[in-house]
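These notes concern the structure reproduced below.
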Amino acid sequence: MRDHTRSMPRWLPLLVVAAACLPYLPLVRDYFLQDDFGVVQLFIRRPYSLFPRWFTMPWTEDIWGYVPDEIRPFVALTYQLTGKWDPGRPELHHLFNIGLHAANALLVMAIARSVIALAPLPAAFAGVVFALLPAQAESVVWVTGRVDSMPAFFYLAAFLAYARWRQGHGWHWYVSGLALFFVALFSKQNTITMVATLAVYDLCLLTPRQRGTLIQTAMAWVPFAALTAGYLLLRRAIFGQSLRPGLQTSHEIAGVALMMGRHVRRTMTGHLAALTPADIAMALVLAIVLVAIVVKLDAAARRRFALVFLAFGPIWFAIGVAPAALAGYESERHAYLASAGWAFMLAMIIERGHAALRVRALRRATIAVAAALVVLYSARLAPVLTSWHQAAVISEAGVLRLQQEAAAAPPGALVIVGLPRRNWEWASPFVLDTPFAPPGLLDRVRLITPWRLHCCGPGNWEVDTRRQLTRWLQTSPRPPVIALHYAPRDGSLSRVTNRDVPELDAILASMMQTRTVETLDGVILDVLDRIVAGHPAGPAPAPR
């Protein structure tokens, strides 16, 4: 199984690409979700000439009601490109994300092969595992998830280029690595960890003869460190701080430790539920194989294996996920880059275990373990993708029905809409504006949602909601009220109007007497859950 002189068969990269693409291609028509609406709308309205300015300004400007500390010109450019063709449709966005995921899986395979020096099959196994991890779905299926898969691509490519230079393939690889790192930095700020990754590679994998003295070794990191420092200084000049505020209290530190543990569990098992017998069995088998490797190797080989295993396993994962501590929130996609470390670890265990075990049956068992891992992750990826698909179906149905209601309602009608957060969080009022709806509908009706569905946080939501209510209350004669509710479990639609429930008028008028965001939001949620839910929606109204 282990043959470092053998070239990579052409079918192995195709296998990795298939593993990365085939599970996701059936979802290529899935509709936009959550942040997608604001991001897509923003960038189809921006000219390409704005690209240089994005190096000195927040990439999403103030569409969320605040100024984010994010400089991402290269990611912004991709949304311009994938949004110019039929911007109200998601297909090109999804194809781009799937292509990125496949490219990242190929890079994982290339690093496993040329840097870790695994044989072709184990290297391809690393790429397949990376492609099939259920935790990757958010970065691939969700259009906005590109903000993690794209910087990961340039990070992995920069690291591979640097390693190729270290292997004596010419200075053009080093220059390419710097250029790729520049793009990675200006794709997302979590890539500032590159210098640490290069240092671990040099100190753990290279011999003193290969890397030179410690000063000579460190000099190779200086240009990368200078780019990082320049990037951080630019952030300080624009936002007043280089990084987001760090951890300050023991409670915050404990919370981050728990978050890191959840990232590890999601990556390794594909879920946060209780460990299943399959999880326990797989962990035991991998532990046994790892012990067998350690026992069979001599002292020098054991030390070499331990250094490589730690560098491209736990340390890679820790470096990759560390910036999540500063993210301010937790998301599966924050471990996208880090998860390559788990793929590397599994590939090393399988390959070294196959080489260390002398009994033929045990050697075959390691291949069976590799196949079982592929089957396990494939099986666990399927329901995750189904869940994302169902969310997209509900999101598209909600947009379509809202368009129909707005087109059929009298001007000034008050429309209250409630969808699960997973579908429309941060999506209002973009969902009723171009390119997702015909022009003019957003101005035709007064749109109100719970604050979790509003683009711009509770403060801005409260101002907007009270303004819409005031305009509706002051219109004479008072336009109708239309309330739509989509059930969280199955997406079934309920609909009522103030003709069906006359007390709606009084309830809505009382909203103006609420004094807090929480109270106002509570009244809207109560209307949706207690009054609207359960009423059959009936056919969509015909446009006026």
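The values are calculated or read from the model by the stated rules, or taken from the named source; none is laboratory data. Remember, it's a predicted structure, so these values are computed and weren't measured experimentally. Cβ placement follows ideal geometry from the backbone for every residue including glycine, while neighbour counts extend to all protein chains displayed. Accessible surface areas use protein heavy atoms only, side chains included; no ligands, DNA or RNA. Shrake-Rupley method; radii C 1.70, N 1.55, O 1.52, S 1.80 Å.
Ala119 - would you say it is open to solvent by 10 Å² or more (accessible area, probe 1.4 Å) and of a type in the set (Gly, Ala, Ser)?
no
Kindly check whether there is at least one residue in segment 49-61 that is under 27 Å from Glu396 (Cβ atoms), open to solvent by 10 Å² or more (accessible area, probe 1.4 Å), assigned to a helix (DSSP H, G or I) and modelled with pLDDT of 90 or more.
no
I'd like to verify a number: residues in segment 261-309 that are open to solvent by 70 Å² or more (accessible area, probe 1.4 Å) and part of a helix (DSSP H, G or I), how many? Can you show your working first?
Taking segment 261-309 and keeping what is open to solvent by 70 Å² or more (accessible area, probe 1.4 Å), we get 262, 265, 268, 272, 274-275, 277, 280, 284, 288, 291, 295-296, 298-300, 302-304.
Subsequent filtering for residues that are part of a helix (DSSP H, G or I) retains 262, 265, 268, 277, 280, 284, 288, 291, 295-296, 299-300, 302-304.
The total comes to 15.
What residue, among those in segment 72-95 that are in a loop (DSSP other than H, G, I, E, B) and surrounded by fewer than 17 Cβ atoms within 10 Å (Cβ to Cβ), is modelled with the highest pLDDT?
At the first step, the residues of segment 72-95 found to be in a loop (DSSP other than H, G, I, E, B) are 72, 84-90.
Retained after the next criterion (residues that are surrounded by fewer than 17 Cβ atoms within 10 Å (Cβ to Cβ)): 84-86, 88-89.
Values: Lys84: 84, Trp85: 86, Asp86: 88, Gly88: 91, Arg89: 94.
Among those that are in a loop (DSSP other than H, G, I, E, B) and surrounded by fewer than 17 Cβ atoms within 10 Å (Cβ to Cβ), it is Arg89.
Report, by residue number, each residue of segment 464-475 that is touching a strand residue (DSSP E or B) at 6+ places or on another chain (Cβ under 7 Å) and surrounded by fewer than 16 Cβ atoms within 10 Å (Cβ to Cβ).
Arg471
Looking at (1) open to solvent by 50 Å² or more (accessible area, probe 1.4 Å); (2) assigned to a loop (DSSP other than H, G, I, E, B); (3) not polar (S, T, N, Q), which one does Asp443 not meet, given that it meets all the others?
Unmet for Asp443, out of (1) open to solvent by 50 Å² or more (accessible area, probe 1.4 Å); (2) assigned to a loop (DSSP other than H, G, I, E, B); (3) not polar (S, T, N, Q): (2).
This table checks each residue for (1) among the small types (Gly, Ala, Ser); (2) touching a residue at least 60 places away in the same chain (Cβ under 8 Å); (3) closer than 17 Å to Gly398 by Cβ; (4) open to solvent by 20 Å² or more (accessible area, probe 1.4 Å).
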site: Leu447; (1), (2), (3), (4): no, no, yes, no
site: Pro458; (1), (2), (3), (4): no, yes, no, yes
site: Glu462; (1), (2), (3), (4): no, no, no, yes
site: Pro477; (1), (2), (3), (4): no, no, no, yes
site: Ala506; (1), (2), (3), (4): yes, no, no, yes
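Please work out which one of (1) open to solvent by 40 Å² or more (accessible area, probe 1.4 Å); (2) touching a residue at least 60 places away in the same chain (Cβ under 8 Å); (3) within 25 Å of Phe430 (Cβ to Cβ); (4) not hydrophobic (A, V, I, L, M, F, W, C) is the condition Ser7 fails and give its number.
Condition (3) is where Ser7 drops out.
Output the number of residues of segment 163-195 satisfying the condition of being within 28 Å of Ser331 (Cβ to Cβ) and not small (Gly, Ala, Ser).
The number of residues fulfilling the criteria is 14.
Being within 20 Å of Ala391 (Cα to Cα) and either basic (Lys, Arg) or in a helix (DSSP H, G or I) (or both) is true for just one of Arg422, Arg478. Which residue is that?
Only one candidate qualifies: Arg422.
So which pairs qualify, if the first residue must be in segment 527-542 and farther than 10 Å from Leu484 by Cα, the second must be open to solvent by 50 Å² or more (accessible area, probe 1.4 Å) and outside any loop (DSSP other than H, G, I, E, B), the Cβ gap must be under 7 Å, and the two must be at least 6 apart or on different chains?
Gly538/Arg495; Ala540/Gln404; Pro541/Gln404
For Ser242, only one of the following conditions fails: (1) assigned to a helix (DSSP H, G or I); (2) modelled with pLDDT under 90. What is its number?
Exception for Ser242: condition (1).
Which of the numbered conditions does Gln403 fail, given that it passes all the others? Conditions: (1) in a helix (DSSP H, G or I); (2) in contact (Cβ under 8 Å) with a residue 40 or more places away in the chain.
(2)
Taking segment 392-437, which residues are on the phi > 0 side of the Ramachandran plot and open to solvent by 40 Å² or more (accessible area, probe 1.4 Å)? Outline the logic, then answer.
Filtering segment 392-437 for residues on the phi > 0 side of the Ramachandran plot gives 412, 426.
Passing the criteria: only Trp426.
Looking at segment 154-210, which of the residues that are polar (S, T, N, Q), in a helix (DSSP H, G or I) and open to solvent by less than 20 Å² (accessible area, probe 1.4 Å) is nearest to Ala110 (Cα to Cα)?
Of the residues in segment 154-210, the ones polar (S, T, N, Q) are 167, 176, 187, 189-191, 193, 197, 207, 210.
Now narrow it down to the ones that are in a helix (DSSP H, G or I): 176, 189-191, 193, 197, 210.
Right, trim to open to solvent by less than 20 Å² (accessible area, probe 1.4 Å) and you get 191, 197.
Details: Thr191: 20, Thr197: 16 Å.
Here the residue is Thr197.
Does Leu528 count as closer than 19 Å to Arg421 by Cβ and part of a helix (DSSP H, G or I)? Steps first, please.
Numbers: closer than 19 Å to Arg421 by Cβ: yes; part of a helix (DSSP H, G or I): yes.
Yes; evaluated as a whole, the condition is true for this residue.
Can you report the number of residues in segment 360-396 which are among the polar types (S, T, N, Q) and without any contact (Cβ under 8 Å) to a residue 24 or more places away in the chain? Steps first, answer last, please.
Initial filter on segment 360-396 (among the polar types (S, T, N, Q)): 366, 378, 386-387, 390, 395.
Adding the requirement that they be without any contact (Cβ under 8 Å) to a residue 24 or more places away in the chain leaves 386-387.
The number of residues fulfilling the criteria is 2.
Looking at segment 333-369 only, could you name the residues that are small (Gly, Ala, Ser) and at pLDDT 85 or above?
Taking segment 333-369 first, the residues small (Gly, Ala, Ser) are 335, 338-341, 343, 347, 353, 355-356, 361, 365, 368.
The answer is Ala335, Ala338, Ser339, Ala340, Gly341, Ala343, Ala347, Ala368.
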